[in-house]
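Student: One structure coming up, written as structure tokens, with questions to follow.
The values are calculated or read from the model by the stated rules, or taken from the named source; none is laboratory data. Just so we're clear, the structure is a prediction, and the values are computed from it rather than from any experiment. So basically every Cβ, Gly included, is an ideal-geometry build from the backbone, and we count neighbours across all protein chains shown. Note: accessible area is taken over every heavy atom of the protein model, side chains too, but ligands, DNA and RNA are not part of it. Shrake-Rupley method; radii C 1.70, N 1.55, O 1.52, S 1.80 Å.
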Amino acid sequence: MEKHVISTTAAPGAIGPYSQGIQLGDLIFTSGQLGLVPETGQLAEGVEAQAAQSLRNVQAVLAAAGSGLDKVIKTTVFLKDMNNFAKVNEVYGSFFAEPYPARSAVEVARLPKDGLVEIEVIAVK
């Protein structure tokens, strides 16, 4: 199978040697999306706003591949502070409907640009 690069200006561009997403067959893998506002390149203010913007960015990458959040099968949520889990979980729940995707959530020492949350997904086309 050939892999295809997914790229869109509706989400922040890659800040390193990686792609916004890759499609392999019917599977779509997004890179982690910070809560960066594409128009400004700045982080949204606060953990809830960053979580929402991160998911909007994921949504934009998926849309560029002809998919959407309803096709997500697995997410990984990276948190700067696990004490923010409930806040992020509330935002996360507003973007997904049952049956919810499988998910992992981990606390990390630091995220790029000192973000508070980063989310990556695996979806189907």
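Student: Solvent-accessible area per residue for the chain at a 1.4 Å probe radius, Å²?
Tutor: 54
Student: Among DSSP beta bridges whose residues both lie in the chain, state the antiparallel percentage, nearest 5.
Tutor: 80
Student: Ok, one more. Taking K and R as +1 and D and E as -1, what net charge do the other residues with C-beta under 12 Å from the C-beta of residue 124 add up to?
Tutor: +1
Student: Counting only protein heavy atoms and using a 1.4 Å probe, what share of the accessible area of the chain belongs to carbon plus sulfur, as a whole percent?
Tutor: Here it works out to 52 percent.
Student: Pop a pseudo-label 7 angstrom from the Cα along the beta-carbon direction at both residue 70 and residue 82 and give the gap in nm to one decimal.
Tutor: In this crude spin-label approximation the distance works out to 3.5 nm.
Student: With a sphere of radius 12 Å drawn around the Cβ of residue 73, what net charge do the other residues whose Cβ falls strictly inside it have (Lys, Arg +1; Asp, Glu -1)?
Tutor: Here the charged neighbours net out to +2.
Student: Next question. Would you list, by chain and number, the lysines whose Cα falls below 27 Å from the Cα of residue 87, excluding same-chain residues fewer than 8 positions away?
Tutor: Within the straight-line cut-off, residue 87 pairs with 71, 74, 113.
Student: Can you tell me the alpha carbon radius of gyration of the chain divided by the globular rule-of-thumb value 2.2 N^0.38 Å?
Tutor: Relative to the 2.2 N^0.38 Å estimate, the chain comes out at 0.98.
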